[in-house]
Amino acid sequence: MTKLNRSVERSMKILEVVSGSGVTSLAFLAEQTGLPKPTIMRICATLVSQRWLTQSRNDSRYRIGSRFPRLGAAPDSIDALVEAGSSEIIRLSELTGLGVDLAAAIGNGRVEIVDTTRKFSEHGIFPDCIGFRPSPFRSALGCAFLAALDADERADVSAKLALNTKGQERKAALSLPEKLKEIRARGFATREYGYWGRGVDYGGIPSAISVAIRASSRVVGALSLVWLAERQSVDDVATAHLERLTLAGEVIGRHFTSGSDI
């Protein structure tokens, strides 16, 4: 009988858990696999180096990476965007002193936050936002993404998104045309003041400015600077950092298009 390779067996067990759970912590992996945490960390470091896994810089959680084998051999666009933006969002955060959120397009006019540099100790905003899908009409990320779509696609997805909205969301959907004019004039989208994304505890009322991320002719996501509203105004942050934010979005778009190592 051929002897099994324990390292391969353990690696497969870890990949099964991450694949089935999405974003996964070290503690959860230890609970699900029964393996010691040092063993899991060594295996995961190898898998991250091969891009079968990616690890969030902010909270060290794991998710399936862009080189994990898939049917059709096409890398998943969300994982590819995380890979393309991981270094750049850290750089942007260090240059500005602000939190940075990276969001990926998930279809039908929506985006999902897939990586962040938020640290409560530095930015005053809790970092538990990965996997959150912000409002397409009230969030900076959602509005920046919609504004970057071509007119026909934007009209189509906006109409579909607005069908089941009500309350403040409905009000924001109806005022989208005016907001789009503002975004085009200023070069960035802003977060509606007081908008509190359901399911996300920010630790305080945040402000944000956002730009879209383009890869060739496609809009693949959006990028935001996030901070506590009480600390700085939108105008002050835009004046100081909009150029850096825009450049970071362009760099991430180029990395996404080329698939180069970053």
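The values are calculated or read from the model by the stated rules, or taken from the named source; none is laboratory data. Values in this document were obtained by computation on a predicted structure and should not be read as measured data. Glycine also receives a Cβ, built like all others from the backbone with ideal geometry; neighbour counts cover every protein chain displayed.
Can you tell me which residue within the range 43-63, out of those that are β-branched (Val, Ile, Thr) and surrounded by 20 or more Cβ atoms within 10 Å (Cβ to Cβ), is modelled with the highest pLDDT? Give the steps one after another, and end with the answer.
Restricting attention to the range 43-63, the residues satisfying the condition of being β-branched (Val, Ile, Thr) are 43, 46, 48, 54.
Those left that are additionally surrounded by 20 or more Cβ atoms within 10 Å (Cβ to Cβ): 43, 54.
Working: Ile43: 95, Thr54: 80.
Across the range 43-63, the extreme among qualifying residues is Ile43.
Using beta carbons and a limit of 8 Å, which pairs, at least six apart or on different chains, have the first residue in the range 158-172 and in contact (Cβ under 8 Å) with a residue 40 or more places away in the chain and in a helix (DSSP H, G or I) and the second one loosely packed, with under 14 Cβ neighbours inside 10 Å and of a type outside the set (Asp, Glu)?
Filtered contacts from the range 158-172: Lys160/Asn108; Leu161/Asn108.
Would it be correct to say that Thr116 is surrounded by 16 or more Cβ atoms within 10 Å (Cβ to Cβ), in contact with a helix residue (DSSP H, G or I) (Cβ under 8 Å, 6 or more places away or on another chain) and closer than 23 Å to Gly97 by Cα?
Yes.
With (1) in contact with a strand residue (DSSP E or B) (Cβ under 7 Å, 6 or more places away or on another chain); (2) modelled with pLDDT of 90 or more; (3) small (Gly, Ala, Ser) as the list, and Gly34 as the residue in question, which single condition is left unmet?
That leaves (1) as the condition not met.
Would you confirm whether any residue within the range 105-113 is under 30 Å from Glu178 (Cβ atoms), in the same structural domain as Ala159 (by TED's automatic domain parsing), surrounded by 23 or more Cβ atoms within 10 Å (Cβ to Cβ) and in contact with a Pro (Cβ under 6 Å, 6 or more places away or on another chain)?
Within the range 105-113, none of the residues are under 30 Å from Glu178 (Cβ atoms), in the same structural domain as Ala159 (by TED's automatic domain parsing), surrounded by 23 or more Cβ atoms within 10 Å (Cβ to Cβ) and in contact with a Pro (Cβ under 6 Å, 6 or more places away or on another chain).
Any residue in the range 4-16 that is crowded, with 16+ Cβ neighbours inside 10 Å and of a type in the set (A, V, I, L, M, F, W, C)?
yes
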